[in-house]
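Where a number appears in this text, it was derived from the coordinates with a stated rule and is not lab data. What you are looking at is a predicted structure, and each value in this text was computed from that prediction instead of being measured. Cβ placement follows ideal geometry from the backbone for every residue including glycine, while neighbour counts extend to all protein chains displayed.
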Amino acid sequence: MASAQAYPSSEPERWKYLDRIRTRAGPFTNDGIFDGSMVAGQMDKMKILVIGAGGLGCEILKNLALSGFKDIHVIDMDTIDISNLNRQFLFRQADVGSSKAEVAARFVEQRVRGVRITPHNCRIQDKDEDFYMGFQLVVCGLDSIEARRWINATLVNMVDDAVEDSYTPLIDGGTEGFKGQARVVIPTITSCLECQLDMHAPRAAVPLCTLATIPRQPEHCVEWAHVIAWDQEKPFPELDKDDPAHIGWLYQKALARAHEFRISGVTYALTQGVVKNIIPAIAATNSVIAAACCNEALKISSSCAPALGYPDDNYMMYSGNDAIYTYTFKHEQKDDCPVCGNLARELDVDPAWTLGELVESLAARPAAQLRKPSVRAAGKTLYMQSPASLEAQTRPNLERTLSDLGLREGDEIGVTDPAFATVSFKFKLKFTKKS
Ligand SMILES: [Zn+2]
């Protein structure tokens with residue numbers, strides 16, 4: 001492995017074009033900030049954190065190393081699976097079973113001399129604020145919304161007006177099939193990921209009655225086999241989604257049902273995709289989005305051009321479904337954002353609902369998506385998920401209606417969820433009669 005001192009004299013050719021961007025002012029450079037004699041030195045010292053070493057993360061690491069960043073950390077708790085090898089190109093067959101963060105770091109260090117990559121083989125939640133405070137930039141290449149929300153909340157909570165270094169820009173990349181997005185969050189200053197949560201609405205569940213009576217799509221037939229036929233016939237003691245015999249059984253059932261309703265399109269792959277909730281990962285989409293994210297990192301760190309979010313457009317969406325299409329716009333910060341806003345968010349509820357129904361609805365609402373919420377109102381605990389003793393004590397409240405619990409129109413409730421240890425979501429009740 002090369003030592004850090006090897007740069008830049010070891011491979012001047014490699015950095016020739018990058019240095020043209022970093023050393024010369026151009027039409028988009030910010031004259032007030034850009035100093036071509038300083039940029040390379042500043043970037044050498046910058047500490048940058050990459051979250052995720054999967055499909056996006058591998059691309060991001062490689063791109064950052066080739067964009068002139070020298071001190072990169074990467075965090076990922078996963079190990080390499082054989083099914084990753086078609087797109088997570090820093091991994092080889094011999095790496096199966098090893099830590100993604102460690103293998104990716106070693107690979108890029110060997111290929112790009114002078115770069116130091118420090119792997120962290122753990123969950124992001126295992127690191128504390130001090131750890132995250134050590135970085136000037138965070139780049140996310142995650143596939144989980146929960147992990148994104150956690151790091152977003154953590155970075156926003158870290159902001160301390162008195163400490164200039166406490167504003168750590170977050171660059172977030174995401175892909176789903178042929179679609180993707182790249183966005184930049186400047187905590188508390190621009191719209192955060194929580195403000196934009198409704199862009200990730202959970203996939204609408206198909207009503208059971210549709211599955212049971214009139215399926216319209218091949219997916220409905222698969223869901224029918226999965227939810228209804230499996231339960232009725234119990235062909236195996238327990239469904240193992242990785243067992244081809246189990247998926248094969250579901251496929252045959254779904255196919256028969258599809259024939260009955262003259263629906264085409266049920267295949268083994270579709271069955272597997274629906275049952276395992278798989279959205280195909282596409283290497284080309286990952287590479288487009290990772291490139292966009294790393295461009296933002298280069299712009300933010302060098303001031304060679306205005307980055308997303310400085311000050312307006314902060315969200316770039318990409319779609320490769322029918323053709324190549326991108327659209328960049330400003331996603332507004334929300335005053336009632338539970339993470340970066342000051343106002344409680346309005347929550348439509350029916351006063352006749354039980355607390356249990358309210359708790360359930362928090363998981364389904366696109367703007368909340370809280371799966372294990374605990375609820376308090378005006379100093380009193382209505383329902384706590386843990387510890388067990390408190391859960392048992394507050395459980396009877398789940399059966400009581402909101403009005404019965406003394407909740408009134410305009411009352412504020414505080415909701416916490418173990419996925420967001422530090423954040424309490426504020427909601428303001430708005431009574432609306434449902435049917
Ligand atoms: Zn926000």
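Rounded to two decimals, what ratio of Rg to Rh does region 208-275 give with C-alpha atoms and a Kirkwood Rh?
0.93
Which order do peptides 223-235, 128-140 fall in by mean Cβ count within 10 Å, highest first?
Highest to lowest by the protection proxy: 128-140, 223-235.
Tell me, what is the percent relative contact order of region 345-431, built from C-alpha pairs under 8 Å that lie six or more residues apart?
37
Of 272, 214, 255, which is farthest towards the positive pole of region 208-275's charge dipole, taken about the Cα centre with +1 and -1 on the beta-carbons of Lys, Arg and Asp, Glu respectively?
Final value for the positive-end residue is 214.
Say the dipole of region 345-431 comes from +1 at the beta carbon of Lys and Arg and -1 at that of Asp and Glu; which of 379, 403, 356 then lies farthest toward its positive end?
Toward the positive end, the furthest listed residue is 379.
Once you've got the GNM for the chain with C-alpha springs shorter than 10 Å, pick whichever of 149, 20, 113 has the biggest mean-square fluctuation.
20
Express the relative contact order of region 289-395 as a whole percentage, based on alpha carbon pairs under 8 Å and six or more residues apart in sequence.
Computed value for region 289-395: 9 percent relative contact order.
Please give every one of the lysines within straight-line cross-link reach of residue 430, meaning a C-alpha to C-alpha distance under 20 Å, and leave out same-chain neighbours fewer than 8 residues apart.
Within the straight-line cut-off, residue 430 pairs with 334, 380.
How many angstrom separate the Cα center of region 393-435 from the Cα center of region 30-91?
42
Mind checking the angle between helix 145-158 and the chain's longest principal axis? C-alpha axes, 0 to 90 degrees, to the nearest 10.
It is inclined by approximately 60 degrees.
Under the rule a/c < 1.5 gives rounded, and otherwise a/b versus b/c splits prolate from oblate, where does the chain land using the Cα gyration tensor?
oblate
Answer with one residue from 23, 110, 72: the one whose Cα lies farthest towards the positive end of the charge dipole of region 1-114, charges on Cβ with Lys, Arg +1 and Asp, Glu -1.
It is 23.
Could you give the nm distance between label points at residue 206 and residue 131, where each point is 7 Å from its Cα heading toward the beta carbon?
Spacing of the two 7 Å Cα→Cβ label points: 4.1 nm.
So what's the gap between the Cα centers of region 269-315 and region 185-242, to the nearest angstrom?
24
Label-point separation (nm) for residue 380 and residue 37, each offset 7 Å from Cα along Cα-to-Cβ?
7.0
In debye, nearest 20: dipole of the chain around its Cα centre with unit charges on the Cβ of K, R (+) and D, E (-)?
680
Take every Cα pair under 8 Å in region 55-137 that's 6+ residues apart, average their separations, divide by the length, and report that relative contact order as a whole percent.
The value is 36 percent.
Enter the angle in degrees (range 0 to 90, nearest 10) between the Cα long axis of helix 55-66 and the first principal axis of the Cα atoms of the chain, meaning the one along which they spread out most.
10
I need the phi-derived Karplus couplings for region 347-363: 6.51 cos²θ - 1.76 cosθ + 1.60, θ = phi - 60°, integer Hz, Gly and Pro marked x.
Each residue's phi maps through the Karplus curve to give 10, 6, 9, 9, x, 7, 4, 7, 4, x, 5, 4, 4, 5, 5, 5, 6 Hz.
Tell me the net charge near residue 356. Cut-off is 14 Å between Cβ atoms, residue 356 excluded, with +1 for each Lys or Arg and -1 for each Asp or Glu.
-3
For every helix of n ≥ 4 consecutive DSSP H residues, a contribution of -39,500 (n - 2.57) applies; sum these over the chain, divide by its total residues, and give [θ] at 222 nm rounded to the nearest 500 deg cm²/dmol.
-9500 deg cm²/dmol
Charges only on Cβ, +1 for Lys and Arg, -1 for Asp and Glu: so what's the dipole of region 106-179 about the Cα centre, in debye to the nearest 20?
Dipole magnitude for region 106-179 comes out near 620 debye.
With everything on Cα atoms, drop me the angle between helix 100-111 and the longest principal axis of the chain, reported from 0 to 90° to the nearest 10.
Once rounded, the angle reads 20 degrees.
Apply the Karplus parameterisation 6.51 cos²θ - 1.76 cosθ + 1.60, with θ equal to phi minus 60°, to every residue of region 299-311 and state each ³J(HN,Hα) to the nearest whole Hz, in sequence, with x for glycine and proline.
Those phi angles translate into 5, 5, 7, 10, 6, 6, 7, x, 8, 4, x, 10, x Hz.
Would you mind working out the magnitude of the charge dipole of region 208-275 relative to its Cα centre, with +1 at each Lys and Arg C-beta and -1 at each Asp and Glu C-beta, to the nearest 20 Debye?
320
Past 32 Å, Cα to Cα: identify those pairs from 330/426; 47/241; 45/276, in the order given.
Violating the 32 Å limit, Cα to Cα: 47/241; 45/276.
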